[in-house]
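Heads up: the structure comes next, in structure tokens.
The values are calculated or read from the model by the stated rules, or taken from the named source; none is laboratory data. If you're wondering where the values come from, they're calculated on a predicted model, not measured in any experiment. Glycine also receives a Cβ, built like all others from the backbone with ideal geometry; neighbour counts cover every protein chain displayed.
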Amino acid sequence: MTPLVAVDGLTVRYPGGASPALDDVSFTAGAGEVVGVVGATGAGRSTLLRALLGIVPRLVPADVTGSVRVAGLDPRTTGVADLARVAAIVLDDPETQLSQLTVEEELAFGLENLGTQPADMRHRVAQMLDAAGLAAFVSRNPQELSGGEQQRLAVACALVVRPRLLLLDEPVANLDPRSGHAVLELATALARDAGATVLIATNDVDLLASYASRLLVLGGGRVLADDDAGRAWASVAAHPGWMAPPAIAGLAARVDPGAPWLPSTVAEATRWLGVERGAADR
Amino acid sequence: MTAAALPARSSWLRRLNPITKLAWMIAGVATALVTYDPTVLAAISVLVLVLAASAGVASPLARAMLAFAPLAASILLVQVLAPAFCRPSCSVAATVGPLTLYAEGVAHGLVLVARLLTIELVAFLAILTTRAPDVLASLTRLGVPSSVAFAAAMTLQLVPLLRRELRIVLDAQRARGLRTAGPTALVRALVPVIVASVERAQQLSISIDARGFGSSRPRTSYRAVPLTRGDVLGAALGLVAAVVGFVLGLTRWGPDTVTWPALPAWVAIAVLAVSVAGFAWAIVRALAFAARA
Amino acid sequence: MTARVELRGVSYTYPGAPRPAVAAVSASVDAGEVLAVVGESGSGKSTLARLIAGLLRPDAGSVRLGGTDLRGLRPRDVAGRAGIVFQHPNHQLLTSSVRDELALGPRNLGLDADAVAARVAGTARAFRLAGVLDEHPYRLALPVRRRVAVAAIVAMRPPVLVLDEPTAGLDAAEIADLVAWIRVASGGTGPDADPSASAAAPMPLSVIVVTHDLRFAGSIADRLLVLRGGSVAAHGSASALLADVDALAAAGLEPPPLVRLAEALRIDPALGVAGTGDAIVDAVRARRGSG
């Protein structure tokens, strides 16, 4: 079965950039997977997500070589509307994503663009309002919502069009941990129900640990590791120059240097250490 | 638009179709624009106030009118002291020191102010009883392209956003020891705000592109503001009223056909005093704002 | 000591708001101390930061910097006593070059041209900005822009420094950088290393950091102020409070990851506050396999 996302030899060079933002990147992701895209600043996470949507090179000029396929479509040549039906993105700042005067219109915006029938739109908007816990805000101006609520709305807007690929680019960068968990919880749960693939690019690896079972570790535009989360963190721990692992994985690496698999949540760690779970944990 | 922030009392005026309201607003404005007859202007204003009270927007309306007080005061002052016309000659109503107050000037000034207030009352009543999203949806219904409606929605969102950003930037400037009041400070604060706005606009345009906006596919509309036959009839009547009112205003209620009673001197002096006071208050407020550190 | 911050019963309600954003908060910070202000979203952290920096006047209570009540000062005069760095650097970059950015504050404080130049050079050195002095601030990457924003405030040598969510958008290495810098600044040896000793002797700063990142708080804070609904929920030593799972939970907060792990492993949670040190590694090893 062809993977939902297939990237082969992708190289992206921005005008005036000394080195490529992405350098010969190849990876695949299947339907329903939740993949974390991590790496130090400048590793190319944002560029990769934008290349998957064709934002690079269509809206942000760059020199792009290699192949990208999302649900069989090539983002560089597929029409905007056709790709919007298949892939959606959530960014870090709600102010750059929300533009309508009411929450329900914001949700409907993407559906309107795709020519959805009004009756169908009403149904889907109502359903998503409930699923996202935003029903109380239906007629409110999105500007009045808190940062966490706005990001939940942004996730809802991305998912209401039922994309097959959901991209999250630093979705929790400006949020407190509780809101951050709510946003990622919502995104992964709804995506799971819809069978969509999720790629989450973030600096907050401690938060990510509860959601992503697979990791793509980038560094200097290259793929450093592409593996199950535990093994990926073991690679990261073995290469101190790459990036910093989650706190728990870092500790585990010191407890058992050279371990091929490292836990990154409290639950994983207690199991790994062979200790009966103490308090409630994530 | 502030209608969304008001208590949700459902009055017929609030529920009235925006297109119909727009048509009748045009009727009121068109009539007041050309009318000199104070009775007609008063009638329109009273009607507006009654409607406002019934829709629960009487006090926001009154507050909005207050914002025009400086403008009204300056119009009045100019007309009283230097009337634009005198035909065939102006009769003197009173003399205050070196100033001569002409009856026609005072009357003309009062009528201008009355027209200004009437137009504002009509317009604000329409604004305060209509929600912005409904207006945009109605316009789209009328055939206005969705990109225009979208741009209008974005612009409405901009004002509170820019205000918030400006406040933060001014705070940052104060933290660096810079003055934060007066025109220079505002101009200096505008640079980061403008840069931030441009960056935000760029990101937003990428965002909406990614959501499929601007593709050649026909767009559907989520918000359906129902347009019944009654609404269309009401709107048509409103436009007819606009034409009738305009014509009547030019012919039967114009300056030549209105006869003024002779103005006693004390009236002229009182009007002068009120307009000077209003004008001075506006100047003082402006200076205080500029001087605040 | 001009760096001491004292809050006594400070309250503030935003105009038109139904409840106070900050209610009767009392706390103090001494020179050389770092206080982390933590709390849920909406607990009043940012409002408190603005009150300390003199950008807002308290409705009740007093904010004293170095013994002087801010109420008696004009807003512009507070600039030399407390500096605040906001979450989004863009809002604070007011000039077209990094050099001008660093010079702006000292110039407004009335320093002469030579002193200003010395401050610019010293601060640029301390913040590793010497290479970008002629760059336009908006063209720099976010972490560098943030360094410029912080440096521009520090160049004014305020005895009190307030940082509002300084880690937003930074990766772990950049956060570690920030931690190192804050320690240096609070100890008073960093940006004061300029040759022209026309400035006073190096002075340790009082640093107040508003953050929702408890892991970051654990690595820099001496003391912690926990807010809930505008009031003080807890106030004390950072290492003690960050390990107090119950106190944090009562304020709607989750402890840093290693504290949670320590608690689940039934070892001393305090070991988890400082990060991955030998003590916690040994304790975990000892617990291993013991079921």
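Determine whether A:Val25 is crowded, with 19+ Cβ neighbours inside 10 Å, under 13 Å from A:Arg222 (Cβ atoms) and of a type in the set (Val, Ile, Thr). Don't jump to the end; show me each part of the working.
Details: crowded, with 19+ Cβ neighbours inside 10 Å: yes; under 13 Å from A:Arg222 (Cβ atoms): yes; of a type in the set (Val, Ile, Thr): yes.
Yes: the conditions hold for A:Val25.
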Set C:Arg81, C:Arg76: member being within 11 Å of another protein chain (Cβ to nearest Cβ), surrounded by fewer than 24 Cβ atoms within 10 Å (Cβ to Cβ) and over 30 Å from C:Phe216 (Cβ atoms)
C:Arg76
Within segment B:154-170, is there a residue that is touching a residue at least 12 places away in the same chain (Cβ under 8 Å) and part of a loop (DSSP other than H, G, I, E, B)?
no
Would you point out the residue of segment B:222-249, among those that are crowded, with 16+ Cβ neighbours inside 10 Å and at pLDDT below 85, that is farthest from the other protein chains (Cβ to nearest Cβ)?
B:Leu227
What about A:Gly221, is it crowded, with 22+ Cβ neighbours inside 10 Å and at positive phi?
yes
Run C:Val120 past the list (1) under 14 Å from the mean Cα position of the chain (by Cα); (2) surrounded by 23 or more Cβ atoms within 10 Å (Cβ to Cβ) and report the number of the one that doesn't hold.
(1)
Given (1) touching a residue at least 40 places away in the same chain (Cβ under 8 Å); (2) more than 14 Å from chain A (Cβ to nearest Cβ); (3) over 30 Å from B:Val80 (Cα atoms), B:Val191 misses just (1)
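Of the residues B:Arg141, B:Arg179, which single one is more than 10 Å from every other protein chain (Cβ to nearest Cβ) and either charged (D, E, K, R) or under 26 Å from C:Ile52 (Cα atoms) (or both)? Full working, then the answer.
Numbers: B:Arg179 fails: more than 10 Å from every other protein chain (Cβ to nearest Cβ).
Step by step, each of B:Arg141, B:Arg179 is checked, and only B:Arg141 is more than 10 Å from every other protein chain (Cβ to nearest Cβ) and either charged (D, E, K, R) or under 26 Å from C:Ile52 (Cα atoms) (or both).
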Look at A:Ala209 and say whether it is within 10 Å of another protein chain (Cβ to nearest Cβ), aliphatic (A, V, I, L, M) and without any contact (Cβ under 8 Å) to a residue 40 or more places away in the chain.
no
Please go through segment A:90-114 and give me each residue that is in contact (Cβ under 8 Å) with a residue 24 or more places away in the chain, more than 22 Å from A:Thr188 (Cβ to Cβ) and either surrounded by fewer than 22 Cβ atoms within 10 Å (Cβ to Cβ) or not aliphatic (A, V, I, L, M) (or both), ordered by number.
A:Gln100, A:Thr102, A:Glu104, A:Phe109, A:Asn113, A:Leu114
Sort out for me the strands (runs of 3 or more DSSP E) sitting completely within segment C:21-102 that have 1 or more residues that are among the polar types (S, T, N, Q).
C:22-29, C:60-65
Restricted to segment C:238-270, and to residues that are surrounded by fewer than 21 Cβ atoms within 10 Å (Cβ to Cβ) and hydrophobic (A, V, I, L, M, F, W, C), which residue is nearest to the other protein chains (Cβ to nearest Cβ)?
C:Val245
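Among B:Arg217, B:Arg211, B:Arg200, which is facing chain A (nearest Cβ under 7 Å), more than 20 Å from C:Gly54 (Cα to Cα) and modelled with pLDDT under 80?
Working: B:Arg211 fails: modelled with pLDDT under 80; B:Arg200 fails: modelled with pLDDT under 80.
Unique residue meeting the criteria: B:Arg217.
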Please tell me if C:Leu102 is more than 8 Å from chain B (Cβ to nearest Cβ), touching a helix residue (DSSP H, G or I) at 6+ places or on another chain (Cβ under 9 Å), surrounded by fewer than 23 Cβ atoms within 10 Å (Cβ to Cβ) and in contact (Cβ under 8 Å) with a residue 12 or more places away in the chain.
no
Tell me which residues, restricted to segment C:136-170, are modelled with pLDDT of 90 or more and either charged (D, E, K, R) or in a strand (DSSP E or B) (or both).
C:Val160, C:Leu161, C:Val162, C:Leu163, C:Asp164, C:Glu165
Only one of C:Asp69, C:Asp30 is acidic (Asp, Glu) and either within 14 Å of chain B (Cβ to nearest Cβ) or more than 18 Å from the chain's Cα centre (by Cα) (or both). Can you tell me which?
C:Asp69
Going by the conditions given, is B:Leu47 hydrophobic (A, V, I, L, M, F, W, C), surrounded by fewer than 20 Cβ atoms within 10 Å (Cβ to Cβ) and touching a residue at least 12 places away in the same chain (Cβ under 8 Å)?
no
Regarding segment A:238-259, can at least one residue be identified that is more than 10 Å from chain C (Cβ to nearest Cβ), crowded, with 23+ Cβ neighbours inside 10 Å and either more than 19 Å from the chain's Cα centre (by Cα) or closer than 21 Å to C:Ala172 by Cβ (or both)?
no
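Restricting segment B:90-147 to residues that are basic (Lys, Arg) and modelled with pLDDT under 85, which is nearest to B:Thr35 (Cα to Cα)? Spell out how you get there, then give the answer.
Here is the first cut: in segment B:90-147, the ones basic (Lys, Arg) are B:115, B:131, B:141.
Still in the list and also modelled with pLDDT under 85: B:131, B:141.
On the way: B:Arg131: 30, B:Arg141: 33 Å.
Step by step, filter segment B:90-147, then rank; the result is B:Arg131.
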From C:Val144, C:Val162, which residue is within 13 Å of another protein chain (Cβ to nearest Cβ), under 27 Å from C:Glu40 (Cα atoms), surrounded by 16 or more Cβ atoms within 10 Å (Cβ to Cβ) and out of contact with any Pro (no Cβ under 8 Å at 6 or more places or on another chain)?
C:Val162
For segment A:120-127, state whether one or more residues are within 10 Å of another protein chain (Cβ to nearest Cβ) and of a type in the set (A, V, I, L, M, F, W, C).
yes
Consider C:Ala115 carefully, then state whether it is more than 11 Å from every other protein chain (Cβ to nearest Cβ), in a helix (DSSP H, G or I) and either touching a helix residue (DSSP H, G or I) at 6+ places or on another chain (Cβ under 9 Å) or touching a residue at least 40 places away in the same chain (Cβ under 8 Å) (or both).
yes
Does C:Asp69 satisfy the criteria of being free of Cβ contacts under 8 Å to residues at least 12 places away in the same chain and touching a Ser or Thr at 6+ places or on another chain (Cβ under 9 Å)?
yes
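Looking at this structure, is A:Ala81 out of contact with any helix residue (DSSP H, G or I) (no Cβ under 6 Å at 6 or more places or on another chain), closer than 22 Å to C:Glu174 by Cβ and of a type in the set (A, V, I, L, M)?
Numbers: out of contact with any helix residue (DSSP H, G or I) (no Cβ under 6 Å at 6 or more places or on another chain): yes; closer than 22 Å to C:Glu174 by Cβ: no; of a type in the set (A, V, I, L, M): yes.
When the stated conditions are applied, A:Ala81 does not pass them.
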Does A:Ile55 meet the test of being of a type in the set (A, V, I, L, M, F, W, C) and in contact with a strand residue (DSSP E or B) (Cβ under 6 Å, 6 or more places away or on another chain)?
no
Say whether the condition of being away from chain C (no Cβ under 14 Å), surrounded by fewer than 22 Cβ atoms within 10 Å (Cβ to Cβ) and among the polar types (S, T, N, Q) is met by at least one residue in segment A:144-156.
no
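Is it the case, given these coordinates, that B:Trp281 is farther than 30 Å from B:Leu139 by Cβ, surrounded by 14 or more Cβ atoms within 10 Å (Cβ to Cβ), under 26 Å from the mean Cα position of the chain (by Cα) and not polar (S, T, N, Q)? Spell out the reasoning first.
Values: farther than 30 Å from B:Leu139 by Cβ: yes; surrounded by 14 or more Cβ atoms within 10 Å (Cβ to Cβ): no; under 26 Å from the mean Cα position of the chain (by Cα): yes; not polar (S, T, N, Q): yes.
For B:Trp281, the condition - farther than 30 Å from B:Leu139 by Cβ, surrounded by 14 or more Cβ atoms within 10 Å (Cβ to Cβ), under 26 Å from the mean Cα position of the chain (by Cα) and not polar (S, T, N, Q) - is not met.
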